[in-house]
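Values quoted throughout were computed directly from the atomic coordinates according to the rules given, and no laboratory measurement underlies them. Just so we're clear, the structure is a prediction, and the values are computed from it rather than from any experiment. Neighbour counts run over all protein chains shown; Cβ positions are idealised from the backbone, glycine included.
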Amino acid sequence: MKLSVNEFRQWQHKSITLLGMSGVGKTRLSNILRQSDWFHFSGDYRIGSRYLDEPILDNIKQQAMQIPFLRNLLRNDSIYFTNNLSVDNLQPVSSFLGKLGNPELGGLPLQEFKRRQALHHDAEIASMRDVPDFISKAQSIYGYRHFINDAGGSVCELDDPSVMELLARHTLVIYIKASEQDEAELIRRAEDDPKPLYYREAFLEEQLSNYLQEHDLTYVAMIDPDDFVRWIFPKLFYSRIPRYDAIAKEYGYTITTRELWQVESESDFLSLIETAMQRQK
């Protein structure tokens, strides 16, 4: 969706999609806007609560069945598990996605890792296709005036043009581009705390081959899962930048993390969007 500044100001029920790597400030901004009559739609929360809920619980049950005490309780329906997911606690999704590598270090075999990656890919597409319905629900059921779509960091990896076309029809797309300083900080955080990530299959296969060759390893089961995430994250990060740039150029507008850190209120954010619009004329 492309708008003039005047059209944006007159838009009574604003609907915005935030794009960018995890950690650039999408959720922080969404929390600020929630205080000013904005409905916060979290793509990652929708993935975990709706589309991966059963696979997440199945994974937990498989782990529990390996413990004799819990196994007996599960088999006779004495206990059950529930997915205690929240917008601020997406750990169940991360734990399901997992990391590739040595099972003794918590890693997953390649086939199982790819299966979970594919499930996440399909779930992310489905969650983004839910956005138009939630825009309507936000107003008709919950009475919110505006809508913010806090999209996952891997939306640019979906390779499904229909998703971005749908989002662009119903929302104003804003890409939050990390400054050089913030790029370094995001990479440092990933090195300090390596987390499960989504990878396009072609990217994963290429980088996995490079990693095995570079580290003189024969099998995936020999990989240290955390070391692989630390090694691949910068490559993933920089591979996503041109994808985000292309989306913003075709469908929306770009702001920077430096600009976003200055936003403390709804009015600050709306003013920043107008600046981005004028800059991109």
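Over the stretch 83-128, what lengths in whole Å, largest first, do the semi-axes of the equivalent ellipsoid take, defined as the square roots of 5 times the eigenvalues of the alpha-carbon gyration tensor?
21, 15, 6
How would you rank 150-160, 180-190, highest first, on the average number of other Cβ atoms within 10 Å across their residues?
My ranking of the peptides, most packed first, is 150-160, 180-190.
With angles folded into 0 to 90 degrees, how steeply does helix 180-192 sit against the dominant principal axis of the chain? Use alpha carbons for both and round to 10.
20
Apply the Kirkwood formula to the stretch 29-167: the hydrodynamic radius equals the inverse of the mean of 1/r over all pairs of different alpha-carbon atoms; give it in Å with one decimal.
Across the stretch 29-167, the inverse of the average 1/r is 16.9 Å.
Of all the C-alpha pairs in the stretch 1-90, what % are more than 18 Å from each other?
For the stretch 1-90, the fraction of Cα-Cα distances above 18 Å is 63 percent.
Which residues make up the longest stretch of the chain clear of chymotrypsin sites (Phe, Trp or Tyr not before Pro) that lie in a DSSP loop with no more than 11 other Cβ atoms within 10 Å, not counting the sites?
Of all site-free stretches, the longest is 1-79.
Compute the relative contact order of the chain as a whole-number percentage, counting only Cα pairs closer than 8 Å that sit 6 or more residues apart in sequence.
For the chain, the relative contact order is 32 percent.
Between the helical axis of 266-279 and the dominant principal axis of the chain, each derived from Cα atoms, what acute angle in degrees is found, rounded to the nearest 10?
80
Suppose we keep just the DSSP beta bridges with both residues in the chain; what percent of those would be antiparallel, to 5?
Roughly 5 percent of the beta bridges in the chain run antiparallel, per DSSP.
Run the quick spin-label model on ALA221 and LEU73: label points 7 Å from Cα toward the beta carbon, then report their separation in nm to one decimal.
Modelled inter-label distance: 3.2 nm.
Over the Cα atoms, compute the radius of gyration (one decimal) and Dmax (the largest Cα-Cα distance, rounded to a whole number) for the stretch 14-274, in Å.
Gyration radius and largest Cα-Cα distance of the stretch 14-274: 19.6, 60 Å.
Multiply the residue gap between ARG115 and ARG129 by 0.36 nm, knock off their C-alpha separation, and tell me the result in nm, one decimal place.
2.9 nm
May I ask for the angle, rounded to the nearest 10°, between helix 161-170 and the longest principal axis of the chain, with both axes built from Cα atoms and the value confined to 0 to 90°?
40
May I ask you to derive the relative contact order of the stretch 160-281, considering only C-alpha pairs under 8 Å and at least 6 residues apart, and to give it as an integer percent?
It rounds to 43 percent for the stretch 160-281.
Mind checking which lysines have their Cα closer than 30 Å to the Cα of LYS61? Skip sequence neighbours fewer than 8 apart in that chain.
The qualifying lysines are LYS99, LYS114, LYS195.
Tell me the net charge near LEU158. Cut-off is 13 Å between Cβ atoms, LEU158 excluded, with +1 for each Lys or Arg and -1 for each Asp or Glu.
-3
How far is the Cα center of the stretch 172-186 from the Cα center of the stretch 1-53, in Å?
Cα centroid of the stretch 172-186 versus Cα centroid of the stretch 1-53: 16 Å apart.
DSSP loop GluC sites (Glu not before Pro) in the stretch 250-281 with at most 14 other Cβ atoms within 10 Å of their Cβ, which ones?
GLU264
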